[in-house]
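The values are calculated or read from the model by the stated rules, or taken from the named source; none is laboratory data. Owing to the predicted nature of the structure, the values given are computational and were not obtained by experimental measurement. So basically every Cβ, Gly included, is an ideal-geometry build from the backbone, and we count neighbours across all protein chains shown.
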Ligand code: ADP
Ligand code: ASP
Ligand code: MG
């Protein structure tokens, strides 16, 4: 019997009515003869609420204890859904991360799944029990609770689907699929019927939070077909699958935007070997991921160096660089949190010149200044002032011919 994994996000389980609605869908799938594992997120707003509560105790809460706290969000939903199913006479059991044996590394708050035990889930499935798993959580080799990073229930679902060799991993959310842009931002965005893992990975890494990046990495590595679809309707969603020959090779398939980065500039940095290492080593040692980097050489021979970091790490990175600047003799360190990154992506870009030029011309037409640029084989990203983010996404969406017919 084929196993299906279904994951329901926060808005899909936001209250008891919605949990009942999820139970209806789960029962329907089970009655079609599938063995079913259901992964749930915390109810909408609960994770944010728990983080705020922890910060009232300590602005930088202990990471192990924060994970112990955050995991309760998913624990609540898993128990409520299993209870709802059982109250309807349907055999179901909730399992927490450690009970499933979602084994992770020690990185609290952003742990990576290393291995998943399938015996307990298999035993329950063989007995005809619907397994309800609390997403977003795992446990480290010493038995401590860890969490997988924001949006991590997607990764729980895909990793469990891979471990169980499930036929499909269905991601139920509050939009009917993956769109050419965030449909809440661009009303004329179009739903994609299929998208390759590669393109989805790019989209996730540049701000399309509909799937967590690591979930796409898992799906790609283990070839798990992922179906992103709406909890609130029966319409077919988007299949995320391996790139196929027949796949439409549109030049640009999507436009994304993120407001999660900040930028730091070191001015008048001495230009000699080893300086970049002096600047970036301490940030790396602090566990901060640097994204874009640009270096401009001045006529004087000194350089200005600008890079972006996640906004959550901005203050820490700024303090580190002020220290470094003093040590290496840079003139000053400037920071800016009000930036946004807009990106266009598509596998067809590999063989089509002119995408960057069209992107820059579109932004220029709107009077939007480009602060930084980065590219990959199938993506171009520009950092701009945050106040122009929505306008930029909408005009790029039109300029690349992605708007749905009016
Ligand atoms: P869940 O709680 O179900 O995990 P999320 O809020 O994490 O849901 O992800 C769904 C949201 O992703 C949508 O409401 C939408 O605003 C956003 N999103 C961003 N980019 C896209 C895109 N290209 N296609 C679809 N949704 C997108
Ligand atoms: N509840 C967690 C979050 O809000 C995980 C998830 O929803 O996927 O990030
Ligand atoms: Mg999510």
Restricted to region 147-177 and to residues being closer than 12 Å to residue 226 by Cβ and more than 17 Å from the chain's Cα centre (by Cα), the residue farthest from ligand 2 (Cβ to nearest atom) is 167
Can you confirm whether region 178-188 contains a residue that is within 8 Å of ligand 1 (Cβ to nearest atom) and free of Cβ contacts under 8 Å to residues at least 12 places away in the same chain?
yes
Can we say residue 320 is surrounded by 15 or more Cβ atoms within 10 Å (Cβ to Cβ) and not in a helix (DSSP H, G or I)?
no
Given (1) closer than 20 Å to residue 258 by Cα; (2) touching a residue at least 24 places away in the same chain (Cβ under 8 Å), identify the lone condition not met by residue 323.
(1)
Being out of contact with any strand residue (DSSP E or B) (no Cβ under 9 Å at 6 or more places or on another chain), more than 9 Å from ligand 1 (Cβ to nearest atom) and not in a loop (DSSP other than H, G, I, E, B) narrows 198, 142, 170, 202 down to just 198
Counted residues, region 235-252 - those being at pLDDT below 95 and either touching a helix residue (DSSP H, G or I) at 6+ places or on another chain (Cβ under 7 Å) or assigned to a strand (DSSP E or B) (or both):
7
Restrict the check to region 130-138 and report whether at least one residue is within 16 Å of ligand 1 (Cβ to nearest atom), closer than 19 Å to residue 221 by Cβ and not in a loop (DSSP other than H, G, I, E, B).
no
Could you count how many residues in region 334-379 are more than 16 Å from residue 393 (Cβ to Cβ) and assigned to a strand (DSSP E or B)?
8
Filter region 1-29 for residues that are part of a helix (DSSP H, G or I), away from ligand 1 (no atom under 15 Å from the Cβ) and either more than 19 Å from residue 227 (Cβ to Cβ) or in contact with a helix residue (DSSP H, G or I) (Cβ under 9 Å, 6 or more places away or on another chain) (or both) and give the result.
16, 17, 20, 23, 26, 27
Selection within region 51-76 - surrounded by fewer than 20 Cβ atoms within 10 Å (Cβ to Cβ) and within 16 Å of ligand 3 (Cβ to nearest atom)
51
Looking at region 77-85, is at least one residue more than 28 Å from residue 234 (Cβ to Cβ), more than 16 Å from ligand 3 (Cβ to nearest atom) and surrounded by fewer than 18 Cβ atoms within 10 Å (Cβ to Cβ)?
no
Checking the condition surrounded by 22 or more Cβ atoms within 10 Å (Cβ to Cβ), outside any loop (DSSP other than H, G, I, E, B) and within 14 Å of ligand 3 (Cβ to nearest atom), which residue from 255, 228 passes?
228
Are any residues in region 178-200 in contact with a helix residue (DSSP H, G or I) (Cβ under 6 Å, 6 or more places away or on another chain), buried (at least 22 other Cβ atoms within 10 Å of the Cβ) and within 19 Å of residue 157 (Cβ to Cβ), and if so, which ones?
200
Could you check, for region 183-203, whether at least one of its residues is within 16 Å of ligand 2 (Cβ to nearest atom) and either modelled with pLDDT under 95 or more than 19 Å from residue 378 (Cα to Cα) (or both)?
no
Condition set buried (at least 18 other Cβ atoms within 10 Å of the Cβ) and part of a loop (DSSP other than H, G, I, E, B), scope region 30-43, selection nearest to ligand 3 (Cβ to nearest atom): answer is 41
